[in-house]
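In what follows, a structure is listed as structure tokens, so that the remarks can point back to it.
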């Protein structure tokens, strides 16, 4: 029963505003992808951690700012280290920053050429 693996590349804020995503949003995206890659439900992971599935869903959607203890517990339930969560989140933040700088430079080029 091999489900297709879902991979998502995030290069900017989800609303397209060009603003940096919040750290809690990045953590949430990484945690959701890890859970889905394992074909696990919110209920399964939440039960393993000892939290409600609603709270885990809010963490995954970047609506709640989880404590470091909560992040460690969710990472543990997913078989992932906190270091791995930080690394993947940091890479996404770097990608978002590079995209934001590129957009800013591209918007300024026509102005500079016209001057």
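The values are calculated or read from the model by the stated rules, or taken from the named source; none is laboratory data. Note that the coordinates shown come from a computational prediction; the quantities given were computed from them, not determined experimentally. Please note: Cβ atoms are built from the backbone with ideal geometry, for glycine as well, and neighbour counts cover all protein chains shown.
Number of residues in region 18-56 that are under 18 Å from residue 76 (Cβ atoms) and either at pLDDT below 95 or assigned to a helix (DSSP H, G or I) (or both): the value is 21. Residue 70 fulfils the conditions (1) loosely packed, with under 15 Cβ neighbours inside 10 Å; (2) part of a helix (DSSP H, G or I) except for a single criterion, (1). Per the conditions (1) modelled with pLDDT of 95 or more; (2) farther than 20 Å from residue 96 by Cβ, the sole criterion not satisfied by residue 59 is (2).
Flag set for residue 81, criterion: exposed (fewer than 13 other Cβ atoms within 10 Å of the Cβ), farther than 14 Å from residue 28 by Cα and touching a helix residue (DSSP H, G or I) at 6+ places or on another chain (Cβ under 8 Å). Would you confirm, using the coordinates I've provided, whether residue 10 is within 17 Å of the chain's Cα centre (by Cα) and modelled with pLDDT of 75 or more? No, not satisfied.
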